[in-house]
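Here, each number is a calculation from the coordinates, and none is a lab measurement. If you're wondering where the values come from, they're calculated on a predicted model, not measured in any experiment. Note: ideal-geometry Cβ built from the backbone for every residue, glycine included; neighbour counts use all protein chains shown.
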Amino acid sequence: MDEYVKVAFPTRRQVWVDGEPGGFTNKIFQVETGNHVFDLGPKKNYKPEQQECMVKGTLPEEPMIIAFERVGDL
Amino acid sequence: MRRVPRMAGILALAFALLAVGGCAGFAEKTEHLDAYDEFRGYRYERLDKTDNKDDLFVILTFSGGGTRAAAFSYGVLEALRDTTVEMDGKPRNLLGEVDVISSVSGGSFTAAYYGLYGNDIFTEGGRFQNNFLYHDVQADLLYKLFNPYNWVRLASPEFGRIELASELYQKLLFSDATFHDLEGHRRKPFIMINATDMVKGSQFTFTQSQFDPICADLSRFPIARAVAASSNFPLAFSPLAINSYPGTCGYTEPKWVQQALGDLPANPRRYYRARMLRTYEEADRRYVHLLDGGVADNIGLRGPLTSIRSSDVDWSVLHKINLEEVRKLVVIVVDARNEVKSGLDKSPRAPGTLAVVNAIATTPLDNYSFDSIELLQDTFRRRDDAQRRQPDLHQVQLYRIYVGFDQIKDDAEREAFLATKTSFDLPRERVDALRRKGAELLRQSACFQKLIYPAAAGTAGAEARGCP
């Protein structure tokens, strides 16, 4: 099934899904139902380092919101 | 020219071949992959995108069906060659925009030859036409089989009938070309030649990402063998075996696999995809035995469907959509499914073995193909619906085009095409008619018209939606 996710972050950057670039922050994108690992790629100026989520039962109008916080460049 | 009596079809050929015998097809050792490297080998992402960007993403699928399928898909390629489509006010040749061809069995001959030799496939009287489309390949196969020299070879448990087919396709079409040659020119389309893993019952595609978990090097694998595996009709030929060297090349599985193994309740399809991939890492799996790609999917659509619906494949179209790289997604399904009338229903006599085997071999394939086409429709409609409800989603125009004999309006003509047998020997006039009909049905498709003449599609809103 199709699921919808929005990754919140102060700036626009790529979102990595299961280790591959798979969307952009602050923009709704589609994923397949199931467990996924989300992170913001190699530049580690965010926390948490990654988020593992079961994405299920979302709608285009009600996506799962996953928030990352910006921290100083490491 | 050598002639043999024309057989009733591939199944009749099967029984002739069975009479001669032969065991598993395993004449050539598959090369070991010394070190796994996700950036090497035949992969979509390694192809050059300078002239063919992903913004207009075109996927073709070519079904099985012997020369009937090869000629029908050839006609579609000819029509695409002669078509331009406008993007950003600039004309683009549609054939030059094809990104992926996923093929099965008879369709794999056309796909592989086009992938290797590009527009040379269209040369009138050229190698593809003379040595395959208009050639009695079936007679060649039988000639090889009844050659006493080959009986000695077939007596070996490691040399099967499929090896004779592979040798023939090498001689007729592909010479010594390997996947290294496909990699070498780095030109799209990405050719996905599909076979079936007979032990697992799953699709097996000749790409390096499929070969990675078995630590085998696709680049040194002959194209002729891949096409032979893809068109390896059960019983007619022996399964084709390739070596597997799991755990010997430093392979690391993609991150999604571990995630998906927890998805059985939520998404069984994803769970089984992960399980299937894991089976190739089992240390005691030393060989993979391959049958005709049509056994798992006779229209070659399942791989593209997974790519459109999931991020779990290395050429995920869903990822490309999410990354806003794709603006128009076009899927053209070329389905040469036939419907030969048996006449069995007119008699109380029990159908013979040949008829029963034929029913077992073809009925599930047709049913599954129908499901795949419906799944594509469902996938596109749900995406289109989501885009309309949520404008924040990347808006991609979706074009779903089906080319099949069912769409012929004239009853008699439709029946005639549906009655075309599955064979590697069709009369020249039939091949010509199949070429013309493939091109004509594509051009007549309302969705195809909408793709190439968007201004005529009506309102701007209709144009923006494509035809999901």
Problem set entry | Residues whose placed amide H lies under 5 Å from that of B:Phe159, excluding near-sequence neighbours | B:Cys23, B:Phe26
For this session: Mind giving me the nanometre distance, one decimal, between the label points for B:Arg278 and B:Lys29, set 7 Å out from Cα along Cα→Cβ?
Result: 3.2 nm
Seminar exercise, completed: Sequence order, region A:52-57: Karplus ³J(HN,Hα) from phi using 6.51 cos²θ - 1.76 cosθ + 1.60, θ = phi - 60°, Hz rounded, Gly and Pro as x, gives 9, 9, 8, 9, 7, x
For this session: Name the residues whose placed amide hydrogens come within less than 5 Å of the amide hydrogen of B:Glu31, ignoring near sequence neighbours (fewer than 5 apart) on the same chain.
Result: B:Asp217
Exercise. When the dipole is taken about the Cα centre of region B:31-104, and only Lys, Arg (+1) and Asp, Glu (-1) are charged at their Cβ, what size is it in debye, to the nearest 20?
Worked result: 300 debye
Exercise. For chain B, what is the relative contact order in percent, using Cα pairs closer than 8 Å and at least 6 residues apart in sequence?
Worked result: 24 percent
Exercise. With r defined as the distance between the Cβ atoms of A:Glu62 and B:Arg428 and R0 fixed at 60 Å, what FRET efficiency is calculated, to the nearest 0.05?
Worked result: 0.50
Problem set entry | Per-residue ³J(HN,Hα) for region B:230-244, Karplus 6.51 cos²θ - 1.76 cosθ + 1.60, θ = phi - 60°, Hz, x for Gly and Pro | 5, 10, 8, 4, x, 6, 4, 10, 8, x, 9, 9, 10, 6, 10
Problem set entry | Dipole of the protein assembly as shown, positive direction: furthest Cα of B:Asn130, B:Leu182, B:Ser347, with charges on the beta-carbon | B:Ser347
Problem set entry | Charge dipole magnitude, Cβ of K and R +1, D and E -1 - chain A, Cα centre, debye nearest 20 | 400 debye
Problem set entry | Given charges at beta-carbon only (K, R positive; D, E negative), |dipole| of the protein assembly as shown in Debye | 700 debye
Exercise. Can you list the lysines whose alpha carbon is less than 17 Å from that of B:Lys409, not counting same-chain residues fewer than 8 positions off?
Worked result: B:Lys437
Seminar exercise, completed: Here FRET efficiency (C-beta to C-beta, B:Glu374 to B:Val152, R₀ 41 Å, nearest 0.05) is 0.25
Problem set entry | chain B - mean residue ellipticity at 222 nm from DSSP helices (-39,500 (n - 2.57) per run, n ≥ 4, rounded to 500) | -12000 deg cm²/dmol
Seminar exercise, completed: region B:150-218: spread of alpha-carbon positions along the three principal axes, whole Å, largest first, is 41, 31, 18
Exercise. By DSSP, what percent of the beta bridges with both residues in chain A are antiparallel, rounded to the nearest 5?
Worked result: 80 percent
Problem set entry | Using θ = phi - 60° and Karplus 6.51 cos²θ - 1.76 cosθ + 1.60, couplings along region B:203-212 (whole Hz; Gly, Pro as x) | 5, 10, 10, 7, 10, 5, 5, 6, 7, 4
Seminar exercise, completed: Note to self: Kirkwood Rh of region B:213-281, Cα pairs, one decimal, Å, is 14.3 Å
Exercise. Counting pairs of alpha carbon atoms under 8 Å apart in space and at least six apart in sequence, what relative contact order in percent does chain A give?
Worked result: 38 percent
Exercise. How much length is gained if the chain between B:Phe39 and B:Met87 is pulled fully straight, taking 0.36 nm per residue apart and subtracting their Cα-Cα distance, in nm to one decimal?
Worked result: 14.2 nm
Problem set entry | Selection from B:Val104, B:Val357, B:Ala386 lying farthest towards where the dipole of chain B points positive, charges on Cβ | B:Val357
Problem set entry | Span from the region B:77-120 Cα centroid across to the region B:250-322 one, whole angstrom | 26 Å
Exercise. How many nm is it between the label spots at B:Asp385 and A:Glu49, if each spot is 7 Å from the Cα in line with the beta carbon?
Worked result: 4.1 nm
For this session: Report, by chain and number, residues whose modeled amide H sits under 5 Å from the one on B:Gly65, excluding near sequence neighbours (fewer than 5 apart, same chain).
Result: B:Gly106, B:Gly107
Exercise. Is chain B rounded, prolate or oblate when judged by the Cα gyration tensor, a ≥ b ≥ c being the square roots of its eigenvalues, rounded requiring a/c under 1.5 and prolate requiring a/b larger than b/c?
Worked result: oblate
